[in-house]
1. Considering every residue within region 311-328, establish whether at least one is modelled with pLDDT under 85 and crowded, with 17+ Cβ neighbours inside 10 Å.
2. Among the residues in region 391-414, are any open to solvent by less than 20 Å² (accessible area, probe 1.4 Å) and free of Cβ contacts under 8 Å to residues at least 40 places away in the same chain?
3. Answer yes or no as to whether I104 is modelled with pLDDT of 70 or more, under 30 Å from S213 (Cα atoms) and either of a type in the set (A, V, I, L, M) or under 19 Å from the mean Cα position of the chain (by Cα) (or both).
4. On the basis of being without any contact (Cβ under 8 Å) to a residue 12 or more places away in the chain, over 19 Å from D493 (Cβ atoms) and open to solvent by less than 60 Å² (accessible area, probe 1.4 Å), does T548 make the cut?
5. Suppose we keep only residues that are of a type in the set (G, A, S) and more than 36 Å from the chain's Cα centre (by Cα) within region 492-535. Which one would you say is farthest from G547 (Cα to Cα)?
6. Can you tell which of T46, T25, T29 is modelled with pLDDT under 65 and over 16 Å from the mean Cα position of the chain (by Cα)?
7. Is at least one residue of region 426-439 acidic (D, E), at pLDDT 90 or above and within 33 Å of the chain's Cα centre (by Cα)?
8. Tally up the residues in region 270-283 that are hydrophobic (A, V, I, L, M, F, W, C) and more than 16 Å from A307 (Cα to Cα), please.
Amino acid sequence: MSNDIIIMVLRLLGSLALLVFGMKTMSDTLQKMAGPQLRHILGRMTTNRFTGMLTGILVTAAVQSSTATTVMTVSFVNAGLLTLAQAISVIMGANIGTTLTAWIMTVGVAFKISDFVWPLFVIALILIYRKRHENVGGFLFGLAFLLLGLGTLRDTGEAMRLGEQPALLNFFSSFDPASFSTTLIFLLIGSVLTMCVQSSAAVMAITMILCSSGALPIYQGIALVMGENIGTTVTSNLAAMTASTQARRTAFAHMFFNVFGVCWILIIFHPFIDWVCSLVGYDPEITQAAGKAAFLANAAKLSVVLATFHTCFNVANTFILIWFIPQLEKIVCYVIKGKKKGEDDEELEGPVRLKYIGAGLMKTPEIAVLQAQKEISHFATRMHRMYGMVQELFEEKDEERFEKTFERIRKYENISDNMEIEIAKYLEEVSNAHLSDDTKQKIRSMMRQISEIESIGDANYNLGRAINRLHGSGKPLPEDLSEKLHQMLALTDTSLVQMDHVLHSRREDVSIDETKRIEKDINAMRDKLKSENITSVNDHQYDYAMGTMFTDIVSECEKLGDYVVNVVEARLGK
């Protein structure tokens, strides 16, 4: 008997594993197929709270993952493409969209579909080997695994005769269905289980099997479902703890939405559930005393009751809160404080603090590419800021401020090295996933961009050191040389401005022509200044040491211009 129990438990665990794997495979392949389109939808279809909600519903229903929608939304908030208010409306829609998962499970639990999934595997295999339809095949594989997991879970539940196990029935009957404390206990159990298994879908499937077998009463079952709603938001909040302020605010808004919904549902718990049961045609009053056949026939409707409750709960909660998004935004911003003035400065935030790449958040290829490109653009902006310090250093006459500015340049050089390493590590992690050829090419391009941007940081530091040597020589720079260096530094700054423009724009909207033109101007000025420098040294207008320091600065500016061209070429895929 003990061996039978072990086998049953392993079948339960295995079927849950199939279910979770199927959900993940479906979500991943759908995001690969529709990733760019989903990004554009999220970016454009959020003009007001209602279109934002509709967008959240459609995207989540498409990718079968509210977590994926939430992470995409967070990345857009970080990138400045969505406001926090727009993100909240999208998350509300995502909560409605995710109820489709419960209805898919209802089909798997209510009907014996295990025998019908095998053709899906065959079709999926054929499509996977046809490169053109590989993602469609992957989606069908995921769907087949999901349905097989549900079917196996259902068959195992029937084989275990959960509705006839005295120990299980006695355990659940020991709780008073009318007691508020019972509801809270099962709500807590649902939250903890969801946090432990990291999948609300798995806990929902278990709840459906227990309810439809007649073992778990409907009131406790729905309390578990409510707990799952809270448990899945706790997971996302823990993941966002190390992410940006906006990411934490978005995750907290998701938690607030579900906790608020649970609170008002608890006030009208039994009347609301009775209303849902009447919609489905389920009678909570029918017990085993009415006969085994009648009891099990009535219990079979429970999976539909759970899915209906899940939908009604999220729709009603969204209808209540969608009118108060500005107030919800204020609450979220009050709880999750923003950075104080000055905390955004790199000298305070540390050398490896990234802005758009949030640690701990789920990464899918499309989101990862978006976040990485935004981070690279921010990396370039930092290096441009560093170059501004070089210009300040050249102008600075006060000894104390000169030393302070040079120390900042030295610190930024360390920041540059660490940012290159951190972004590269992130891209390497992303590249371990199964990627399309286009995404692989984008990652190679990004690797080249960060290498060249780090070289810009090195060039900035070399410029700072050259200016420091000039300052330390104690010899004043002749006025004509100072004017020539001003011109060279200004032209180099123009090239950095153009690089920033290219990195912050869509590739289709920019070209390399302007960058190439500026590079030619820099090269021409370098040749001219070097030639004039040789003549001036020979004419004893200034000494050789001064001329060497002058040409070092000019040469470093020219190198920096070359690195800018390399960055732009990498960005445009040249």
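The values are calculated or read from the model by the stated rules, or taken from the named source; none is laboratory data. These numbers come from a predicted model, not from an experiment. Cβ placement follows ideal geometry from the backbone for every residue including glycine, while neighbour counts extend to all protein chains displayed. Ligands, DNA and RNA are stripped out before the accessible areas are found, and what is left, the full protein with its side chains, is counted by its heavy atoms. Shrake-Rupley method; radii C 1.70, N 1.55, O 1.52, S 1.80 Å.
1. No, the conditions are met nowhere in region 311-328.
2. Yes, some residue in region 391-414 is open to solvent by less than 20 Å² (accessible area, probe 1.4 Å) and free of Cβ contacts under 8 Å to residues at least 40 places away in the same chain.
3. yes
4. Judged against the criteria, T548 is a match.
5. Among those residues, the one meeting the criterion is A524.
6. Answer to the selection: T46.
7. Looking through region 426-439, none of the residues is acidic (D, E), at pLDDT 90 or above and within 33 Å of the chain's Cα centre (by Cα).
8. Adding up the residues that qualify gives 0.
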